1. Residues being assigned to a strand (DSSP E or B) and among the small types (Gly, Ala, Ser): count how many of those fall in the range 30-65.
2. Can you tell which of 119, 75 is assigned to a loop (DSSP other than H, G, I, E, B) and closer than 19 Å to residue 10 by Cα?
3. If I filter the range 3-53 down to residues being aliphatic (A, V, I, L, M) and surrounded by fewer than 16 Cβ atoms within 10 Å (Cβ to Cβ), which single residue comes out as farthest from residue 102 (Cα to Cα)?
4. Give the range 78-110 a look and list any residue that's assigned to a loop (DSSP other than H, G, I, E, B), surrounded by fewer than 17 Cβ atoms within 10 Å (Cβ to Cβ), out of contact with any Lys or Arg (no Cβ under 9 Å at 6 or more places or on another chain) and without any contact (Cβ under 8 Å) to a residue 40 or more places away in the chain, or say none.
5. Does residue 183 satisfy the condition of being out of contact with any Ser or Thr (no Cβ under 9 Å at 6 or more places or on another chain), without any contact (Cβ under 8 Å) to a residue 24 or more places away in the chain and closer than 15 Å to residue 76 by Cβ?
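Values in this text are rule-based calculations from the coordinates and carry no lab data. On a predicted model such as this, the values are computed, not experimentally measured, just so you know. No Cβ is skipped: glycine too gets one built from the backbone with ideal geometry, and neighbour counts run over all protein chains shown.
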Amino acid sequence: MVQVAIIGAGGLARQILDTVDACEDAGQGMQAVGFIDENEALWGTLINERPVLGGLDWFDGAEGRREVQVVIGIGSPDTRRRVACRVAEMGLQLCSIIHPSAVLSRYARVGAGVAILAGSVVESQVELGDYVIVNKLCSIGHDTVVGDYCTLAPGALIAGNVQMGQGCDIGIGAATIQGITIGEGVIIGGQAMAVRDLPADATAVGVPAKVIKVRDPGWATR
């Protein structure tokens, strides 16, 4: 039985707990031991019947804790990247969590620390980078590349042959046409429809999606 600790204690972390529980119920040999969060006020409390064990220092508190694998349940790509750097420095073991109801092509490639939630579809030749979050009921079309740390909110529809850079945040129900390039750090608003390439660090909203601002400094240097 693989023991899993979820980093974070908010809504997404609870969704990931549901996913781990579903994997356990399906006999996939996975069990959630609790949450890891730096908010000391949460330590020792229960969230959905699982304890908040402590901060990241918990892994060094007793023998055997380094055998517990981790997944980061934090929605913000920026915050998830910062936590991931700490996880890497500590040498913690990563796991990827895939809900039993998700449809994952055997020809897709999934990076480390990825979470794919209930009802999502990941098609042939898709590449998901490290620490990607694919929330419930998303669809990712064939030959699409999703960069490290991207977050796809519920119901996001990414067409085939899309190239998505690191750290993108795709809003609930947002969609793209096929073959476009989305630069790193792009935010696409909920229900938006991206029909053309989007530059790095842009925020785009509407149908069709229009860039309303470009943030500075760039995502990779924030």
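1. Applying the first criterion (assigned to a strand (DSSP E or B)) to the range 30-65 yields 30-36, 46-47, 50-54.
In the following step, the residues that additionally are among the small types (Gly, Ala, Ser) were identified as 32, 34, 54.
Within the range 30-65, residues that are assigned to a strand (DSSP E or B) and among the small types (Gly, Ala, Ser) number 3.
2. Working: 119 fails: closer than 19 Å to residue 10 by Cα.
Being assigned to a loop (DSSP other than H, G, I, E, B) and closer than 19 Å to residue 10 by Cα holds for just one of 119, 75, which is 75.
3. Applying the filter and picking the extreme gives 41.
4. 105, 106, 107
5. no
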